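These notes are about the structure you will find just below.
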Amino acid sequence: MKHIVLSLFALCCLLNFGGCYNSGMKTLVAPPVARTLASNDGQYTFYWVPRPDPIPLNRFFAIDVQVMDIAGNLITPEQAKLTVDAGMPQHGHGMNHVPRVKTSKDGWTAEGLLMHMPGDWQIYFDLEIDGVSYRGQTPMNID
Amino acid sequence: MPVTVVILSCLLAASPLTDTQKRRIAGLSGAMQGTPDPTNEAWNDPTAALLGQRLFFDTGFSLNNQVSCATCHDPAMGFADGKPLPTGLAKGSRHTPSLLNVAEHRWFFWDGRADTLWSQALHPFERAEEFGSNRMAVLNRVHDDPILRTEYETVFGPLPPLDDHSRFPENAGPHAPSGSREHDAWQMMTPADQQACDRAFSNLGKAIAAYEHRLVPPPSSFDLFVTAMLADDHKAMAAYPDDARRGLLMFIDEAGCRQCHYGQLLSDLEFHNTGVPPSHGGLPRDAGRWEGIKLLQANPFRASGEFSDDPESIRALSTDSLARNSELWGAFRTPSLRNLNQTAPYMHQGQFKSIREVLDFYNTLDTMVVLDHHQETVLKPLGLTETQLEDLESFLMTLSSPKLPAELGRKPGSSPGIDQIETVD
Amino acid sequence: MIIIHCLILSLTAQVGNAQGNQTHPAAWDKTIAQLEAPSGAAFLPDGRAILTERHRHAVSIVNANDNISRPWIEPGILHQPHGIDANEVGVIVVADSGNHLVRFFNPKGELVHTVDGHELSGRRFRTPMDVAISNSGLAVADTGNNRVVVFNRNGTFRWSTDEIADLELNSPEGVDIDESGNVFIADTGNHRVVIIDENGKTKRTWGDWGRFPGLFAEPSGIEHRQGVVYVADRLNHRVQIFDTDGELISWWGMHAVVPRQGEGHIHYPSDVAINASGDRSLVSEPFERRAQTFQPGTPSRPPRSNTRAPRGLQSHFGSQLESGPRGLVTWEPEVRSLPVFITDREIPIHVATFGTPGAGPGRIGKVADISWNPVDDVLTILDTQNHTIQNWKVALPPSEKPSFNLDAAVLLRSSSLPRIEDGSLLHPIAADYDDEGTLHVIDGHCDEIYSIRNGELIPWNIDFDPVAIDAGKATIAVADGRTGQAHLFTNQGQLKASIGPAPDLSSPNPGGIVILRDGSLVISDSGSDRLDHFAEDGRHLETMSSSGGDHGQIWIPGEIAEDANGRIIVLDQGNHRMQGFEPNTGWVLTFGLGRSMTPDRLKRSQQP
């Protein structure tokens, strides 16, 4: 599996990840272009790339996501459903838009995310497999 | 105010700006030339803008021939009306916002029930308390006026054959009261004819929007300060008043204003419920954005609708993906803080007569509407001193621009298709 | 009719008044106190008010002079009755929630008929919470089956909401039916009102979760009178008034921010009834053990209220409480979030709050119970509104350096509640992990306990009414809602012994149960505000509290837990706080989101 990730990385390096609201997922994502994030229970790893990067204040952005399980197997959209959301815990509110998640063969692209206030956000990735939803989350300061 | 605070404030104002401060300050300024609107292909068309300007000042579209857009959006008053609540044919329920820099907004009306400037411009024609007219009467007036018709057809092509009164009534519209002659007449029209008229009606909004795209005042003294800051021109920066500079630093940092007031308009362009007490007293009854989203998504003239010139645009996708959370109940659009010197009173019902009243509200939150003790709020009383409040107000006043060229603030001359600058008296 | 019309006009006029000078459209009249959890409210044809008393399992009549005539329907027939209605000839219908039945009584209060729903609608009722009767028929809010069922006057089945496409009710607790057969539903779990016409077609729905006028937080009672819809908006502590198009006309009630505050202040209204002439309204408030009468159409100034609560009363806790090795978690239904405290210190400290209201991943609907798994230190939340079981990890700060952290709790996993034998979703009302990490759950609609092992539901096949559960090392204690006893089981569900109730407890309503480390047991009683301590051998050792609002007194106690310091912590729900007790000592602690108090501090504060 390791060399699959490495080949993803090689592919990623060749790609332009600058994006806009409406562009679909260009290809697979992997570190170091992608950020990695373990699900809160450690069972899955989310590889994600925001477009544009860094995430802008009050402008739409997209996130490309791929997921691997703890054994290093790629989880595909055929096997699982992914939702992406964001919120400001200190303010008790989320985004003003519901992101749309598109699928490709090997991953997902969440479009239509917009962080409309500066401050501390959390981005949530919820992966549903066999009726169980697993969450990964990451803090994101927007200024 | 203690002397030490004064000294600290002075030192703060004079000390060099940090990179974070510079970035935040720069984010409050920038060129505003009317953001392109892909849903309106005519947004930058000079003839459309001229037509829009005629429509804007034309009282002939109202039921009593006395009300135009300019009645409430008075150029002499910063394209607002100076009153808490407007009066068209009847009294309105929300304060008139200024149209200066209006094209930079993402949503229109206090509740954002329009997602494009052209769609916004259509509402007043048929609202009983504004123009009180109907869709066919509006189109017929354009059709029957040689100047308006020529300019319209130059930009948008032929109007529907409104001369054929068997198909196109003189008075008809979908928003006329149910059971009225105008309402029934609209229902009798064929869907194709209705659609053709809706298209023409939407074009009038696009023309007005083209005019309103031009309502961009020159840079303010704050913008000049930012330009100097970015050029590292300390001499030019020194021209910026010390109290305004202190107010600016408070604005972007400890006062927390930047939470909602950032970007070139000093607005996040979105909606918040800040607990401003309603002018009628008691609890608020205006659902604001909560209802606004419902109205917007049901509006055929929305950015993703059939009359949009780009129903796949970001504006369109943005509308279609809106989350209607009940936390948006009573939320209103964050107003721009530019040109406040021309646009009093403030807030969605014009509750506050002066900027100082606004600052006093946020400073103490004494009159904030809190429904009960469970209500969590991001807002905390600022607790600023008198001098700090004065500094903040000084900063806000530096966001005011010189006035627009006079020719943009009056009815154009009588010749069709000629640049209005040459025709005004 | 003229009077009704005047009422509508006067209510409508109030909209104008409310805009100019806030008034309430109904003047407070009287308080009928010392009721025992009055839940359902109705008027008899002769104008007398009638109320179900859930904790007395009885029905009482309020006479014209506001004296309570009780018992009118004797305890012994009903169990935890909720909704009630009467038709024009005085036939009374009662939602006998605890027995999952609908009962009919004649005007003398004699039981004349009982239905369980199965014969008439093909499905047994599950915890029916409300009933309505008119000349057009009978409507039953079959809350546990998430449906409203309507029958003709002759008792034949007419329609059920689960047959209506695109209408999914969520625990509807209130229903009314008019003379034309239109049915008005308080769709409690969806925070909305639904109107369905006589043919079973949806006419209108309105509302959503929220606090502002026109929004709802668990609307629980509904009444329709001549074009005006009255809604008891429970968690917003008010009655809202709409026309049948869903346009808000006005509202009345002022949130009682201090417990026991009355005279027009409303606290957790359960039901609202309007008399035939439309000039008298009855609002039942089980939380305050009272009902209040109002005069709709008589505008009045709302009672004075400080909208910001006094410090120390900043939260309305639910009845749920769970203690872990170092921490304690409870639930605030009105903000849909869960506060976390660390308890391994003298004064517990609030260190985190988590949860966001709504549906979808990580959102919280209505927490039925919370349980800390001792095996993996994971917190399990059972959500009966979103029908989910969620596992959270809570990172507690060190007790010597406590700090508040909004990100302290993270969601690990979430899944749908499992289904029981008949295919319906498990409906937890209480749950607890045993020391081996098996979760034992009480299903409130089936009166059954299930153990969840390896994802499999294993029923216990019990024959009593379980209401509270605590799993200790080798013993699981379950409180019996009918007898007040504690039944002690092995981890495999075999009965070992039964303890209690306290000898002087007349009408048991257990709220919580805990097995202490020394093997003794404490049961809280939410009907009589008691904490009864029993030895392991079943002896009643002491009653540790009394009813009231002082330190050491409790009001509608909920769950109990033993904290890290061995204190017995009780959720003193009716006083919006938690309190700590110790055997043979009594009260040792009061705390919540604001101020805390210990006997020492209290003594110091009383010194001149």
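Throughout, read-outs are computed from the coordinates displayed, never taken from laboratory work. Worth saying up front: this structure is predicted, and the values here are computed from it rather than measured. Don't worry about glycine lacking a Cβ; one is built from the backbone with ideal geometry, like all the others, and counts go over all protein chains shown.
Residues in segment C:471-478 carry Karplus couplings, in order, of 9, x, 5, 10, 10, 10, 9, 10 Hz; the curve used is 6.51 cos²θ - 1.76 cosθ + 1.60 with θ = phi - 60°, and Gly or Pro positions show x.
As a proxy for reagent exposure, C:108, C:203, C:366 were ordered by neighbouring Cβ count within 10 angstrom, fewest first; the result is C:108, C:203, C:366.
In this simple spin-label approximation, residue B:44 and residue C:197 carry label points 7 Å from Cα along the Cα→Cβ vector, and these lie 5.4 nm apart. The ratio of the alpha-carbon radius of gyration of segment C:2-299 to the globular-protein estimate 2.2 N^0.38 Å is 0.91. Kirkwood radius, segment C:321-606, all distinct C-alpha pairs, inverse of mean reciprocal distance: 19.0 Å. In this structure the amide hydrogen of residue B:171, modeled in the peptide plane, comes within under 5 Å of no amide hydrogen from residues 5 or more places off or on another chain.
Label positions at residue C:565 and residue C:406, each projected 7 Å from the Cα along the C-beta direction, are separated by 3.0 nm.
Dipole check for segment C:326-461: with +1 at the C-beta of Lys and Arg, -1 at the C-beta of Asp and Glu, and the Cα centre as origin, the magnitude is about 600 Debye.
With the simple model of a label 7 Å out from the Cα in the direction of the Cβ, residue C:344 to residue B:166 spans 9.1 nm. Average projection, convex hull of the Cα set of chain C: 26.7 square nanometres.
Taken over the protein assembly as shown, the convex hull of the Cα atoms encloses 200 Å³ per residue. Here the Karplus relation 6.51 cos²θ - 1.76 cosθ + 1.60, evaluated at θ = phi - 60°, turns the backbone of segment B:164-172 into coupling constants of 7, 6, 6, 9, 10, x, 6, 10, 6 Hz, with x for every Gly and Pro. Looking at segment B:280-385, the pairs of alpha carbons with a distance over 17 Å make up 67% of the total.
Residues whose amide H comes within less than 5 Å of that of residue C:516, counting only those at least five positions distant or on another chain, are C:521, C:522 (H built at 1.01 Å from N in the peptide plane). A Förster radius of 35 Å, combined with the Cβ-Cβ distance separating residue A:138 from residue C:454, puts the computed FRET efficiency at roughly 0.65. Cβ-to-Cβ counts within 10 Å put C:424, C:277, C:284 in ascending order as C:277, C:424, C:284, the fewest first. For segment C:316-375 versus segment B:237-281, the inter-centroid distance based on Cα atoms is 36 Å. Counting every other Cβ atom within 10 Å of each residue's Cβ, B:399, C:406 order from fewest to most as C:406, B:399. Near residue B:238, once Lys and Arg are set to +1 and Asp and Glu to -1 for all other residues with Cβ below 13 Å from its Cβ, the sum equals -1.
Within segment A:67-129, report the GluC sites (Glu not before Pro) that DSSP leaves as loop and that have at most 16 other Cβ atoms within 10 Å. Loop-located and lightly packed - A:78. Residue-wise HN-Hα couplings along segment B:260-271, as the Karplus relation 6.51 cos²θ - 1.76 cosθ + 1.60 with θ = phi - 60° gives them from phi, are 10, 9, 9, x, 4, 8, 6, 8, 7, 6, 10, 10 Hz; Gly and Pro carry x.
Placing unit charges on the Cβ atoms of the charged side chains and taking the dipole of the protein assembly as shown about its Cα centre, the candidate lying farthest along the positive direction among B:63, B:396, C:452 is B:396. Of all the options B:158, B:412, B:97, the one that moves most in a Gaussian network model of chain B with Cα springs shorter than 10 angstrom is B:158. Only Lys, Arg, Asp and Glu carry charge here, each on its Cβ (+1 for the first two, -1 for the last two); on that basis segment C:321-606 has a dipole of about 940 debye about its Cα centre. From the helices alone, meaning DSSP H stretches of at least four residues, give me the mean residue ellipticity at 222 nm for the protein assembly as shown, per-run term -39500 (n - 2.57), in deg cm²/dmol to the nearest 500. Value at 222 nm, helices only, nearest 500: -5000 deg cm²/dmol.
What FRET efficiency, computed as 1/(1 + (r/R0)^6) with R0 = 41 Å and r the Cβ-Cβ distance, is obtained for residue C:584 and residue C:416, rounded to the nearest 0.05? Intermediate values should be presented prior to the final figure.
On the way: r = 46 Å, r/R0 = 1.12.
Efficiency computed from Cβ-Cβ geometry: 0.35.
Straight-line cross-link reach from residue B:294 at under 27 Å between alpha-carbon atoms covers these lysines, not counting any fewer than eight positions away in the same chain: A:102, B:91, B:206, C:201, C:203, C:366.
Note on chain C: dipole from Cβ charges, positive end direction compared against C:513, C:42, C:141; the farthest Cα belongs to C:42.
Taking the centroid of alpha carbons for each part, segment C:434-470 and segment B:39-91 are 69 Å apart.
Taking amide hydrogens as placed 1.01 Å from N in the peptide plane, the amide H of residue C:278 sits under 5 Å from that of no residue at least 5 positions away in sequence or on another chain. DSSP beta bridges confined to segment C:204-281 are antiparallel in about 85 percent of cases.
Estimate the FRET efficiency between residue C:490 and residue A:76 by the formula 1/(1 + (r/R0)^6), using the beta-carbon distance for r and 45 Å for R0, to the nearest 0.05.
0.50
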